[in-house]
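The values are calculated or read from the model by the stated rules, or taken from the named source; none is laboratory data. Note that the structure is a prediction, hence the values are computed from the model and not measured. As a convention, Cβ positions derive from the backbone with ideal geometry for all residues, glycine included, and neighbour counts pool all protein chains shown. Note: areas computed on protein heavy atoms with side chains; ligands, DNA, RNA excluded. Shrake-Rupley method; radii C 1.70, N 1.55, O 1.52, S 1.80 Å.
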Amino acid sequence: MNRIESRISESLELMGKRRDRLKASREGLGLVENTIRHRGWGQQSAAWYDRAHVSLATLRRFWQRIPISAGSFKAICEAAQVDWQQVADRTPAIAAPGLSANSCLNSSTPLINPSLPEC
């Protein structure tokens with residue numbers, strides 16, 4: 001695997017199951033906190049979320065480490081002048097309780113998500 005393929009693979013891993021959602025790591029939030037304080041911003045500064053073109057609610061979810069759209073996540077980091085890859089949580093997504101990669105749906109259960117494998 002060459003360097004570009006490795007970076008693409010790493011980015012896809014970083015994004016977890018839902019490739020369009022990202023959340024901040026605890027360390028990443030510390031980095032952002034230091035950077036915005038240096039700029040004179042607080043965690044909910046209007047100047048920050050206006051510059052990122054996101055809502056205050058989205059910025060709050062960012063600080064609560066709730067997954068948000070990758071576009072909003074990157075815009076928030078860019079507005080703070082921090083590399084989004086240094087902020088993003090790199091831990092793998094945890095499967096929902098009771099489900100595993102080998103789980104199959106009961107054959108009498110209608111398929112809710114067609115992208116899930118059938119038994």
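For segment 35-64, which positions are open to solvent by 50 Å² or more (accessible area, probe 1.4 Å) and closer than 13 Å to Leu22 by Cα? Correct list: Arg61, Gln64.
Hey, does segment 72-85 have a residue that's in contact with a helix residue (DSSP H, G or I) (Cβ under 9 Å, 6 or more places away or on another chain), modelled with pLDDT of 95 or more and open to solvent by 90 Å² or more (accessible area, probe 1.4 Å)?
Checked against the condition, which is being in contact with a helix residue (DSSP H, G or I) (Cβ under 9 Å, 6 or more places away or on another chain), modelled with pLDDT of 95 or more and open to solvent by 90 Å² or more (accessible area, probe 1.4 Å), segment 72-85 yields at least one hit.
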